[in-house]
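Everything on this sheet refers to the single structure shown next.
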Amino acid sequence: MGQPAERTSGEKRIITKKPELLAPAGNLEKLKIAVHYGADAVFIGGRDFGLRSNAGNFSIDQMEEGVNFAKKYGACIYVTTNIFAHNENMDGLEEYLQELQRVGIKGIIVADPLIIETCKRAAPKLEIHLSTQQSLTNWQAVKFWKEEGLERVVLAREVGLQEMLEMKKNVDIEIETFIHGAMCIAYSGRCVLSNHMTARDSNRGGCCQSCRWDYHLYEGSEASSRENALFGEDDSPFAMSPKDLNLIESIPKLVEAGIDSLKIEGRMKSIHYVATVVSVYRKVIDAYCADPDNFKIKQEWLTELAKCANRPAAPAFFENVPGYKEQLFENHSHQASHDFSGLVLDYDRETKMVTLQQRNFFRPGDTVEFFGPEIDNFSQKVDKVWDEKGRELDAARHPLQIVRFKVDRHLYPDNMMRKGVS
Amino acid sequence: MTVKPELLVTPRSAEDIVPLIEAGADAFLIGEETYGLRLAGEFSRADIETAVKEAQGKAKVYVAMNALFHNEKLPLLHDYLAFLGNTGVDGVVFGDPAVIMAAREAAPDLPLHWSTETTGTNWYTVNYWGRKGAARAVLARELNLDAVVEIKENADIAVEIQVHGMTCMFQSKRTLLGNYMEFQGKNLKVEGRSKDRTLFLHDPERDYDYPVWEDENGTHIMSPKDVCMIDELDELMDAEIDSFKIDGILKSSEYLTQMTRLYREAVDLYAQNEDSYFDKKEEFLERAKALQPESRSVDTGFFFKETVY
């Protein structure tokens, strides 16, 4: 346990059992992009029983389409059913789980024993993965869930590498851990700020993210909570907004630790985000496993991730308990270095014309970059742009507008175009 | 006559035990920060022994082991549980399944109470933990009264709820107060962050003040008001909820004794004569309010509040 499968080819070590790269998808389009850009598995939410009630979420038919699409790539789909259910949420659970099983979902990600036990009984072919909402932080608890018959556990975000190694050493169960994306600053499942502040139930998908708000810190007394302000006029307010997680440079350690699944957060994120993050981690995992002993992180991978980053990032708990430098004060948001400007629908090799669906404003003269699983990133200047009817445009102004222009190098459907933010 | 629930109180120190029993407490929840979360006071092993002795034959003593344990604390659990078993405590409160695993070996006869605070939200899951060995489940504070009653109706094990005091809204492993002070450039050692410091986060939009502190389990943020159900005990007692908790965290011993006495009176009165309780319940509420610190008003938590999602 705790070692990845490997073999030696001549002098060279090769890792043969790669960890699963697990990507989020809020709808069918995002699912297809995630798989196409290299995810081994995708997690999605249904209409019920999952957190993120604002994510697009899938109907059963859409799930079936997603499963069949993923199958062509050898990928699989998991469904989040990770609410802590109230009595009133029990209705329809069995039928729902049976439907997931029927359409070929591989497993569910679940926090509440109600759903675990119902799944074992009603839909026994589904794998059961324990959600991070259970805040699993030690190997004895991992062992407990192993004995309960679970195939996999998703660790608490507070678990570091040393702890993961001990878990792997002590318990033979698949371990999934987050490698990239936004994080809860509280122990997951143990925060009800949202319930108190806005009457939205954080543990049933209603979280209003009050941890990202600003507060004032006071020292109080029996009579008054606000006797002494612990901030000066020029001080930033108290904040507890965490930087996003980014473990790209720790992928080698995660692979060597034998972690089974590396998870990217973000069912609410755009296809550009999913495509960018998935393709970078795909490259890193593949490069490391092909030649672990000569592997080096390339600067271009880091730059690539910054093109879609909504917030500054940090390794969180991976090595240590994070300090103030891993939090955001004052400016909680951050602009990615690039905008997603178009999705390639088609490319004509004869005429070198791309047919593109516009996703953000661009105009002739702009320098744009293309990327995708079949191509190496390249940049070029946009020349004349036409609409579907062949009318020349001064700019591509309308979201989802179909436009055409000349691109020198070959493109493929679902390649993406982005533009640097000035 | 209506069945009386256990009146469970969280004392600040071993010296509180005798006066609280005299005030009407039936049970105590005590412990130390290494194992337990958000305790009113710190009880060493010697203090636990004292508490058990003082309470012998008069009240029960439960010990909190409801922290989220990381690997480094696992080696401690076995020994602590063995100690608690030998000391004769009446139960151990846990949230982390690691405690079940350790208790099977170290103290198989010790009753276990399941309490994760936020995740005890349906009767099926309550019974699940019952099958795993729990004799009692502590329900989430974010449930409404109907949900609490429905859980009790379907529960195979005892059900505990909090009827009074502040409730926890948030726990982070991060040292958020220290991080903020460090970010501001203030010296950590000078700036205390413990419960004794009475720090508050102020939310300007809602004009609420949330108590906040740091300890070895991380940063804790508490509700802006105290739950107070003293005038709404009837439905809870009709439902035969097994235990009513008064949480004494961030309160004085004197407050706790007086509040316990008041709940004792209210519970006894309803059990004895429902009409008299209804006649007097407004007065109970007024007397409870009069005991509150100026900065802490009361409400009914989530008992009469709906949440959406």
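Readers should treat all values here as calculations from the given coordinates under stated rules, not as data from a laboratory. Quick caveat, the model's predicted, so the values are computed rather than measured. Note that we place each Cβ from the backbone using ideal geometry, even for glycine, and neighbour counts take in every protein chain shown.
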Under 5 Å between amide H atoms, partner at least 5 residues away or on a different chain: which partners does residue A:76 have, H built in plane at 1.01 Å?
A:41, A:42
Across 10 Å bins beginning at 0, the whole-percent shares of Cα-Cα pair distances in the stretch A:150-196 come to 21, 46, 26, 7, 0
What whole-number volume per residue, in cubic angstrom, does the convex hull of the C-alpha atoms of the stretch B:171-221 give?
81 Å³
Lys, Arg +1 and Asp, Glu -1 on Cβ, resulting dipole of the protein assembly as shown about Cα centre, debye, nearest 20:
3160 debye
Relative contact order, percent, of chain A when contacts are C-alpha pairs under 8 Å separated by at least 6 residues?
15 percent
Mind telling me which of A:279, A:202, A:236 comes out most flexible in a GNM of chain A, alpha-carbon contacts under 10 Å?
A:236
Between the stretch A:292-312 and the stretch B:181-254, what is the C-alpha centre distance in whole Å?
42 Å
Measure out, as a whole number of angstrom, how far apart the alpha-carbon centroids of the stretch B:265-281 and the stretch A:363-390 sit.
78 Å
Please report the spacing between the Cα centers of the stretch A:15-61 and the stretch B:128-162 in Å, no decimals.
34 Å
Given a cut-off of 18 Å, name the pairs among A:146/A:168; A:18/A:120; B:73/B:251; B:225/B:289 whose C-alpha atoms lie farther apart than that in the structure shown.
A:18/A:120; B:73/B:251
Please list, by residue number, everything in the stretch A:289-307 whose backbone N is under 17 Å from a paramagnetic label point 7 Å out along Cα→Cβ of residue A:335.
A:306-307
Could you tell me what percent of the DSSP beta bridges with both partners in chain B are antiparallel, to the nearest 5?
35 percent
Roughly speaking, what is the stretch gain from residue A:227 to residue A:283, that is 0.36 nm per residue apart minus the C-alpha to C-alpha distance, in nm to one decimal?
14.7 nm
Space enclosed by the convex hull of the alpha-carbon atoms of the stretch B:46-182, per residue, Å³:
152 Å³
Tell me the net charge near residue A:72. Cut-off is 13 Å between Cβ atoms, residue A:72 excluded, with +1 for each Lys or Arg and -1 for each Asp or Glu.
+1
Length gain on complete extension for the stretch residue A:398 to residue A:384, per 0.36 nm per residue less the alpha carbon to alpha carbon distance?
3.4 nm
Considering only DSSP beta bridges whose two residues both sit in the stretch B:29-162, what percent are antiparallel, to the nearest 5?
0 percent
To the nearest whole number, what is the average tally of beta carbon atoms from other chains within 10 Å of the beta carbons of peptide A:165-173?
1
Kyte-Doolittle cut-off 0.0, length cut-off 30 Å along the helix's own axis using Cα: show which whole DSSP H helices in chain A pass.
none
What distance in nm separates the simple spin-label points at residue B:186 and residue B:275, each placed 7 Å from Cα in the Cβ direction?
5.8 nm
What's the Cα-based Rg to Rh of chain A, Rh via Kirkwood?
0.99
If I build a Gaussian network model for chain A, linking alpha-carbon pairs within less than 10 angstrom, which residue out of A:29, A:233, A:326 has the largest mean-square fluctuation?
A:233
Spin-label pair residue B:300/residue A:90, simplified geometry with 7 Å Cα→Cβ offset, distance in nm
2.5 nm
So the compactness index of the stretch A:146-239, its C-alpha Rg divided by 2.2 N^0.38 Å, takes the value 1.55
Note down the net charge around residue A:339, summing +1 for each Lys or Arg and -1 for each Asp or Glu among other residues with Cβ under 12 Å from its Cβ.
+2
Pairs of Cα atoms under 8 Å, at least six residues apart: use those to get the relative contact order of the stretch B:171-221, whole percent.
43 percent
Tell me the mean residue ellipticity at 222 nm calculated for chain A from its helices only (DSSP H runs of n ≥ 4, each -39500 (n - 2.57), averaged over every residue, nearest 500).
-7000 deg cm²/dmol
Let me check I have the definition right: for the stretch B:1-118, take the eigenvalues of the Cα gyration tensor, multiply each by 5, take square roots. What are those semi-axes in whole Å, largest first?
24, 15, 14
Most to least packed among A:119-127, A:10-18, A:106-114 [average Cβ atoms within 10 Å]:
A:106-114, A:119-127, A:10-18
Selection of trypsin sites (Lys or Arg not before Pro), the stretch A:211-278, meeting DSSP coil and at most 16 other Cβ within 10 Å:
A:226
Apply 1/(1 + (r/R0)^6) to the Cβ-Cβ distance of residue A:169 and residue B:105, taking R0 = 22 Å, and write down the FRET efficiency to the nearest 0.05.
0.65
Fraction of the pair-distance distribution of the protein assembly as shown above 42 Å, Cα-Cα pairs, percent:
33 percent
Neighbouring Cβ atoms within 10 Å as the yardstick, rank B:9, A:403 fewest first.
A:403, B:9
Quick one: divide the alpha-carbon radius of gyration of the stretch A:338-420 by 2.2 N^0.38 Å and tell me what you get.
0.95
Neighbour-count ranking for A:86, A:398 (other C-beta within 10 angstrom, fewest to most) reads A:398, A:86
In whole percents, the bins of 10 Å from zero upward hold the Cα-Cα pairs of the stretch A:38-153 as 14, 47, 32, 6
If you build a Gaussian network model of chain B, linking Cα atoms that sit under 10 Å apart, which residue out of B:137, B:239, B:27 swings the most?
B:239
DSSP beta bridges in the protein assembly as shown, what fraction antiparallel, as a percent rounded to 5?
50 percent
What span do the alpha-carbon atoms of the stretch B:196-255 cover on each of the three principal axes, reported in whole Å from largest to smallest?
39, 30, 24
Between residue A:367 and residue A:102, what is the spin-label point distance in nm, taking each point 7 Å from the Cα along the Cα→C-beta axis?
5.5 nm
Can you work out the base-10 log of I(q)/I(0) for chain B at q = 0.10 1/Å, using the Debye formula on its C-alpha atoms alone?
-0.55
Enumerate lysine pairs in the stretch A:338-420 that are 8 or more residues apart or on different chains, then count those whose Cα atoms are under 15 Å apart.
6
Using DSSP to define loop residues, name the chymotrypsin sites (Phe, Trp or Tyr not before Pro) in the stretch A:288-348 whose beta-carbon has at most 16 other beta-carbon atoms within 10 Å.
A:295
